[in-house]
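Structure, as structure tokens:
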Amino acid sequence: MGEPLVPRMQGFGTTIFAEMSALAVATGSINLGQGFPDTDGPPKMLETAVEAIRSGGNQYPPGPGLPELREAVAAQRLARYGLEFDPAAEVFVTVGATEGIAASVLALAGPGDEVIVFEPYYDSYAATIALAGATRRPVTLRPVEGRFTFDPDELRAAVGPRTRVVLVNSPHNPAGTVFTREELEVIAGVCRDHDLIAITDEVYEYLTFDDVEHIPLATLDGMRERTVSISSTGKTFSVTGWKTGWVTAPAPYIRAVQTVKQFVTYATGGPWQRATAYALQNELPWVEELRRSLQAKRDRLITGLEAAGFATYRPQGTYFVQADIRPLGFSDGMELARALPEKAGVVAIPTQVFYDHAEAGAHFVRFAFCKKDEVIDEAVERLARLH
């Protein structure tokens, strides 16, 4: 019968995260590859989820999401960014940000359309664009003065007559960049000039460091009406397994996203929604403490990586450090990542898998620092064997 998988998805096998996490288990290595914390979120938020389960909140919630969560999300966007959304028509709950991104791309781009992405990109972007039958147009982020950024001329040159969407991730995984207002103005100008839709992945919106500010693209002139913004509870409150996200956008875009999502998962777990609503209303001081803790963990990991011989780029946000492997005498991140468990008992992610132009990221690997201090310390001690 031949290959059952449709051709447009045949380039996508097991994700690099599944491969490397399985390698960590098989070798007993420390997993600094996949970005999940090893501690849970606020205790009262967890208890709220437990109470929702015990009190019978276990059947289908409303497809668009529980009203209390949509109201909490709308209040958060208004209080933090001055963005006003109608919780009944302009806020929509999804199974994590990954589904929010997928439903948005599937709803807003189709065969023949082009979607601009900034590479390196989170791996689900490429797969989702392929599912939509659209074509991705990568714009490469390159290191400039210690951080990854893009060339505005390259972004403008990526726009063609079939371009429909610009997919923007800031704070950026895996590069750690938080786009500045000037960079966002360039993106906004391209969207306005060419009548493009922006889809923004903002899951690390609270997790920025060194007083760097996250600025939603939707706050810029002329962008609220053409921006579909996505965030989630997983990274903000250290409950990545809850898979509870949300989309905020003008009502016509929300209706489009809902049209797709209702035939994929229909609804999102009610207990997690209730607990997330509670957390958005009551636990943001906990998130601020998390942010400070992560900044210290970032510095702890960077110190260890540099002592082990890596060159590093200090991220402005997210969970991840990009490490240049060339000072250690290596040039292929994939080769090193697959060898690291045996060489050092540590797992990292090769950054090149997040590029169309793999050569641009071949000499980087990504390490996660959302781990306990003792785990980071043990990992860098093991990595010192490479030096």
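The values are calculated or read from the model by the stated rules, or taken from the named source; none is laboratory data. Everything numeric here is computed off the predicted structure, so don't read it as measured data. Note: ideal-geometry Cβ built from the backbone for every residue, glycine included; neighbour counts use all protein chains shown. All accessible areas refer to the heavy atoms of the entire protein, side chains included, with ligands and DNA or RNA removed. Shrake-Rupley method; radii C 1.70, N 1.55, O 1.52, S 1.80 Å.
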### Heavy-atom accessible area per residue - the stretch 1-119, 1.4 Å, Å²
48
### Query
Where is the GNM fluctuation largest for the chain (alpha-carbon springs, 10 angstrom cutoff): VAL139, VAL203, VAL25?
VAL25
### Query
Per 5 Å bin, what percent of the C-alpha pairs of the stretch 247-363 does each bin hold, from zero upward?
2, 9, 12, 14, 12, 10, 12, 13, 11, 5, 1
### Message
What distance in nm separates the two pseudo spin-label positions at ALA22 and LYS372, each 7 Å out from Cα along the beta-carbon direction?
### Response
2.8
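For ARG292 and ASP86, compute 0.36 nm times the residue count separating them, minus their Cα-Cα distance, and round to one decimal in nm. Write out the running numbers ahead of the final one.
Values: separation 206, 0.36 × 206 = 74.16 nm, distance 3.21 nm.
Here the segment from ARG292 to ASP86 would lengthen by 70.9 nm.
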### Message
Need the list of aspartates and glutamates near LYS261 for cross-linking: C-alpha distance under 16 angstrom, and skip anything on the same chain fewer than eight residues off.
### Response
GLU90, GLU99
### Message
Please compute the modelled spin-label separation between LEU131 and MET1, points set 7 Å along Cα→Cβ, answer in nm with one decimal.
### Response
2.2
### Message
Using Stokes-Einstein with the Kirkwood hydrodynamic radius over Cα pairs, what translational diffusion coefficient do you get for the stretch 64-164 at 4 °C and a viscosity of 1.567 mPa s, in µm²/s rounded to a whole number?
### Response
82
### the chain, dipole about Cα centre (Lys/Arg Cβ +1, Asp/Glu Cβ -1), debye to the nearest 20
600
### Query
Considering the dipole of the stretch 74-198 built from charges on the beta carbon (Lys and Arg +1, Asp and Glu -1) around the Cα centre, which of ALA79, ALA103, ALA158 is farthest to its positive end?
ALA103
### Task
Skip the ligands, DNA and RNA, and give the accessible area per residue of the stretch 234-280 with a 1.4 Å probe, whole Å².
35
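Could you tell me what percent of the accessible area of the chain is made up of carbon and sulfur, with a 1.4 Å probe and every protein chain present? Please report the intermediate quantities before stating the final value.
On the way: 7930 of 15750 Å².
After summing per-atom areas, the C and S share lands at 50 percent.
More than 19 angstrom separation, counting every C-alpha pair in the stretch 246-299; what % is that? Walk me through the intermediate numbers first.
On the way: 793 of 1431 pairs.
Here the tail beyond 19 Å accounts for 55 percent of pairs.
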### Query
Size of the stretch 182-227 along its principal axes in angstrom, Cα-based, largest extent first?
34, 19, 12
### Message
Please list log₁₀ I(q)/I(0) at q = 0.10, 0.21 Å⁻¹ for the stretch 119-227, using the Debye equation with identical point scatterers on the alpha-carbon positions.
### Response
-0.27, -1.30
### Task
Once you have a ≥ b ≥ c as the square roots of the Cα gyration tensor eigenvalues for the stretch 176-303, tell me rounded if a/c is under 1.5, and otherwise prolate or oblate according to whether a/b is larger than b/c.
oblate
## Note on the structure
For the stretch 228-244, Karplus-derived ³J(HN,Hα) couplings (6.51, -1.76, 1.60; θ = phi - 60°; whole Hz; x for glycine and proline) come out as 10, 9, 10, 8, 6, 8, x, 7, 4, 10, 6, 9, 4, x, 6, 6, 10
### Query
If you line up the Cα atoms of the chain on their principal axes, what length do they span on each, largest first, in Å?
56, 55, 53
### Task
Kindly report the accessible area of the stretch 122-171 per residue (heavy atoms of protein chains, probe 1.4 Å, no ligands, DNA or RNA), in Å².
42
### Task
Can you list which of the trypsin sites (Lys or Arg not before Pro) found in the stretch 358-387 are DSSP loop residues with at most 15 other C-beta atoms within 10 Å?
LYS372
### Task
Could you pull out every one of the lysines with an alpha carbon less than 24 Å from that of LYS372, ignoring same-chain neighbours closer than 8 positions?
LYS44, LYS235, LYS243, LYS297, LYS343
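Applying 1/(1 + (r/R0)^6) with R0 = 30 Å to the Cβ-Cβ distance of LEU46 and TYR266, what FRET efficiency is obtained, to the nearest 0.05?
Numbers: r = 25 Å, r/R0 = 0.85.
Efficiency for this residue pair is about 0.75.
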### Karplus 3J(HN,Hα) series, Hz, for the stretch 357-371 with 6.51 cos²θ - 1.76 cosθ + 1.60 (x for Gly, Pro)
8, 4, 4, 5, x, 5, 9, 10, 10, 10, 10, 9, 10, 7, 10
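Scan the stretch 1-88 for GluC sites (Glu not before Pro) in coil per DSSP, keeping those whose Cβ has at most 13 other Cβ atoms within 10 Å, and list them by number. Provide the component values of the computation, followed by the final result.
On the way: sites: GLU19, GLU47, GLU51, GLU68, GLU71, GLU84; in loops: GLU84.
Passing sites in the stretch 1-88 are GLU84.
What's the FRET efficiency of ALA157 with HIS387 using the Cβ-Cβ distance as r and R₀ = 45 Å, to the nearest 0.05?
Values: r = 41 Å, r/R0 = 0.92.
It comes out at approximately 0.65.
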